[in-house]
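Peer 1: Handing you this structure, nothing more for now.
The values are calculated or read from the model by the stated rules, or taken from the named source; none is laboratory data. Since the structure is predicted, the reported quantities are computational estimates derived from the model, not experimental observations. For neighbour counting, all protein chains shown are included, and Cβ atoms are generated from backbone atoms with ideal geometry for every residue, glycine included. All accessible areas refer to the heavy atoms of the entire protein, side chains included, with ligands and DNA or RNA removed. Shrake-Rupley method; radii C 1.70, N 1.55, O 1.52, S 1.80 Å.
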Amino acid sequence: MNIASFAPLAVVLPFLGAAVAFVLIKRPKAQRRVSLGTITVTLGLEVWLLASVWTTGPIAVHLGGWAPPFGIVMVVDQFSSLLLVISSAVCLAVLAYATGQGAADSEEGGPVSVFHPTFLILVAGVSNAFLAGDLFNLYVGFEILLTASYVLMTLGGTGSRIRAGITYVVVSVVSSLLFLIAIAMIYGATGTVTLADLAIKLGELDPGTQGLLHVLLLVAFGIKAAVFPLSFWLPDSYPTAPAPVTAVFAGLLTKVGVYAIIRTETLLFPSGQFNSVLLVVALLTMIVGILGAVAQTDIKRMLSFTLVSHIGYMIFGVALSSVLGLAATIFYVIHHITIQTSLFMVTGLIERRGGTSSITRLGGLAKLSPILAVLYFIPAMNLAGIPPFSGFLGKLGLLQAGVADGSPLAYALVVGGVVASLLTLLVMARVWNRVFWRSTADAEDPDPVLLATAPDASGAQSMRALRTSKHVDATEGRFSGDNEVPILPKMMVYSTMGLVLLGVAMTVFAGPLFELSQEAAAGMLERTPYIEAVLGSGAGAP
Amino acid sequence: MSVNLTLLLVMGVLYAVGIYLLLERSLTRVLLGLMLLANATNLLLLTTGGYAGLAPIFNKDIPSTEYNDPLPQAFILTSIVISFAVTAFMLSLIYRSWLLSHADQIQVDREDIRVAKQDLYDDEEDSEIAVEVSDFHENTHPVAKRETIPGIGYKKIAQVPIAGPVIQVDPESPVPHDDHDQPNKTDKPGKE
């Protein structure tokens, strides 16, 4: 009975919570309490897991007591537990945000009461994918989170969501099928799906077969992680979903794909035979993604493109397959989960306050709502990699690893990384200039409500009145509900603030975090700790 | 490991037809394509189990090679359940799409089209236009005009000369930019 025996609870608890939340579907308040409580408890458990593997390295738990290569294994190592903690923290913030939005939107509670249980199932799927010690369980984890994401993506069933949802579902199903085909072929070639066992047996296959299996896995995970030629679906589908959903998707789902790529590259195929291909793909992802972002005028779409672009950084670090590169990638992944989610949450607030997320219609928000300006500015600068923020530290680590690698391709990526970072800054600054700095009247096509409530129209009085929608319905007609709906509910602002602060905390505690990443990276590249934790000591000898 | 040729052939046909249907624009066909692909993958999983053997119920008199491999079948069961759920969900999406648009087709993304149609570059605030918006001229000069498309945003209309009195721009007048850099500038309509 070790600590890792509690690891499956990270999957089971959200499932139980989801079941209870389904039962409470008619009682929104109780439902909200259950889901928030479940995620809080799960987060606590995961922090405990992280604390216990911080120094010890990977621990495996064999479910049902089956001997190692036969049963289902869950493995907790520094990387997976770190991701678990960050993902649960982000999920908690997003759930609080969604609760705030739901409570603000109607008296009854959430707009769609199916949101809470589905969200918990998504959390369970993400945890399962991070903890999975065998390929098939990873597939099941992916399917759980994808099926939940289909529902969340199309919440409400409006025309645009259905349109985007269909593309999203088809693309996801195709990537899952590719993954399943890869599993079938790997099982046919080796007779096992346990990752630790595969780590040994795949190396014994002939290089051609290895290459085929490797490419299949990379393509399947590449679609999920939105790596360049396979990223077309992401900017199309993410922006249409409700704000909290987009936030959690952008933060977590692509990172699960990145996690799977990292495991493939370090544990299953350590030879690095496709490293140069991955480097080229990473460069293209960075550049094409950010060029897409430059062309957009809608903040959500723009952020989706920057998301694609920054996936390139993670692939860059993985493809270097050095301890420094991998450590920087791990650090960058957890940084990016937090920052991207908080940016999408702020965009949701901007949309609430300004009535739109198009930068041609917004303006003057710095005066109208200084809190939003601060909440946008910190993660935006963090994403662009301005020192001293964690984005800068992560990118610095990646660039150092690239220079240490020394090959021409790595140098090309260093240059590409700097260019993509500068263009990110350009895009972020453009949003800042248009949405926050300029006056509302300067917008190309200003939003009528914004214009009516601009401070020069009737002074501070109107700003105060705009705390709820009831007071603005007289002439402008945009917010004309009978209920008094707060435009910026406290819960939404506080949860966004919490996540922004978490991003700042990552900067403050970057030292220990980077050390942990480095330890995790060293262990993952060495492979033996992981294999021995699953198969018993002595098994990992090459 | 030897495999069953019939299964392989069926699998190949299912993959081919599935991919063909997946590339169609009609949603129902796409769904059918996905279902065929899922079934083809199930057959692939089945073939990885090798020969059909005895049911894997342990009997100490039977050598272990006689048994069927149960693991691929467990995989298939899982995969069937998953594709069942996804098919049901896709059907509901297609039905909803039909209710909303009366079209069993994949819809286009309007925002995407708008971005694709926008100008390759924006005019800088200090280029060319600085001459045209000066206080010394009436606003008869052809400046880039914008047309608002409701719900979509702007479309910029190409510079068209406006009929009427054309004001001669004095070539000696102080212009903030030297024309040597931009030979095309003299081609500008309105500066005949």
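Peer 1: Debye calculation, C-alpha points only, no solvent: report log10 I(q)/I(0) for region A:1-158 at q = 0.11, 0.16 Å⁻¹, in the same order as the q values.
Peer 2: -0.44, -0.86
Peer 1: Sort largest first and round to whole Å: the equivalent ellipsoid semi-axes of region B:5-101, each the square root of five times a Cα gyration tensor eigenvalue.
Peer 2: 36, 16, 6
Peer 1: Using a simple spin-label model with points 7 Å from Cα along the Cα→Cβ vector, what separation in nm is obtained for A:LEU205 and A:VAL504?
Peer 2: Simple spin-label model gives 5.0 nm for this pair.
Peer 1: Starting from the amide H of B:TYR67, placed 1.01 Å from N in the peptide plane, find each other amide H under 5 Å away whose residue is 5 or more places distant or on another chain.
Peer 2: Amide H neighbours of B:TYR67, under 5 Å, 5+ apart: B:LEU54.
Peer 1: Could you tell me how many degrees, from 0 to 90 and to the nearest 10, lie between the Cα long axis of helix A:115-131 and the main elongation axis, the longest principal axis, of the Cα atoms of chain A?
Peer 2: Result, in degrees: 30.
Peer 1: Ordered by packing density, taken as the mean number of other Cβ atoms within 10 Å over each peptide's residues, highest first, how do A:402-415, A:137-150 rank?
Peer 2: Sorting A:402-415, A:137-150 by mean packing, highest first, produces A:137-150, A:402-415.
Peer 1: Per residue, how large is the accessible surface of chain A? Use a 1.4 angstrom probe and give square angstrom.
Peer 2: That works out to 33 Å² per residue.
Peer 1: Then there's this: Angle between the Cα long axis of helix A:490-508 and the longest principal axis of chain A, 0 to 90 degrees, nearest 10?
Peer 2: Around 50 degrees separate the two axes.
Peer 1: Now for a different question. Okay, which of region A:45-68 sit inside 16 Å, backbone N to the point 7 Å along the Cα-Cβ direction of A:LEU16?
Peer 2: A:45-46
Peer 1: Roughly how many Å is it from the Cα centre of region A:506-523 to that of region B:8-70, as a whole number?
Peer 2: 44
Peer 1: Sort the following peptides by mean Cβ neighbour count (other Cβ atoms within 10 Å, averaged over residues), highest first: B:104-114, A:214-224, A:253-263.
Peer 2: A:253-263, A:214-224, B:104-114
Peer 1: Per DSSP H run of at least 4 residues, take -39500 (n - 2.57); add these up for chain A, divide by its residues and hand me the 222 nm value, nearest 500 deg cm²/dmol.
Peer 2: -23000 deg cm²/dmol
Peer 1: Next question, about the same structure. List, in the order given, every pair from A:LYS26/A:LYS224; A:LYS26/A:LYS490; A:LYS224/B:LYS117; A:LYS29/A:LYS367; A:LYS29/A:LYS300 whose Cα-Cα distance in the structure shown is over 32 Å.
Peer 2: Long pairs (Cα-Cα over 32 Å): A:LYS26/A:LYS224; A:LYS29/A:LYS367.
Peer 1: Right, something else. Is there a simple number for the mean count of other chain Cβ atoms within 10 Å of the Cβ of residues in B:86-98, and what is it?
Peer 2: Mean number of neighbouring Cβ atoms from other chains: 4.
Peer 1: Given C-alpha coordinates of chain A, what is the ratio Rg to Rh with the Kirkwood estimate of Rh?
Peer 2: Across chain A, the Cα-based Rg/Rh ratio is 0.98.
Peer 1: What Kirkwood hydrodynamic radius do you get for region A:312-364 when you take the inverse of the mean 1/r over all pairs of distinct Cα atoms, in Å?
Peer 2: Kirkwood hydrodynamic radius for region A:312-364: 13.1 Å.
Peer 1: A further question on this structure: Near A:SER80, within a Cβ-to-Cβ distance under 13 Å, what is the net charge of the other residues, with Lys and Arg +1 and Asp and Glu -1?
Peer 2: Its environment carries a net charge of 0.
Peer 1: Cα centroids of region A:136-188 and region A:208-262: how far apart, whole angstrom?
Peer 2: 11
Peer 1: I would also like to ask the following. What is the average number of partner chain Cβ atoms found within 10 Å of a Cβ in B:28-37?
Peer 2: Mean partner shielding for this stretch: 2.
Peer 1: Could you tell me how many degrees, from 0 to 90 and to the nearest 10, lie between the Cα long axis of helix A:159-190 and the main elongation axis, the longest principal axis, of the Cα atoms of chain A?
Peer 2: 10
Peer 1: Sticking with this structure for a sec: In peptide A:235-241, what is the residue-averaged number of other protein chain Cβ atoms found within 10 Å of each Cβ?
Peer 2: So the per-residue partner count for this stretch is 2.
Peer 1: Counting protein heavy atoms only and a 1.4 angstrom probe, how many square angstrom of accessible surface do chains A and B bury in total, to the nearest 100?
Peer 2: Buried surface at the A/B interface: approximately 3100 Å².
Peer 1: Residue by residue through region A:311-322, which ³J(HN,Hα) values in whole Hz follow from phi under the Karplus form 6.51 cos²θ - 1.76 cosθ + 1.60 (θ = phi - 60°), with glycine and proline marked x?
Peer 2: Karplus-based 3J(HN,Hα) across region A:311-322 equals 4, x, 4, 5, 5, 3, x, 5, 5, 5, 6, 10 Hz.
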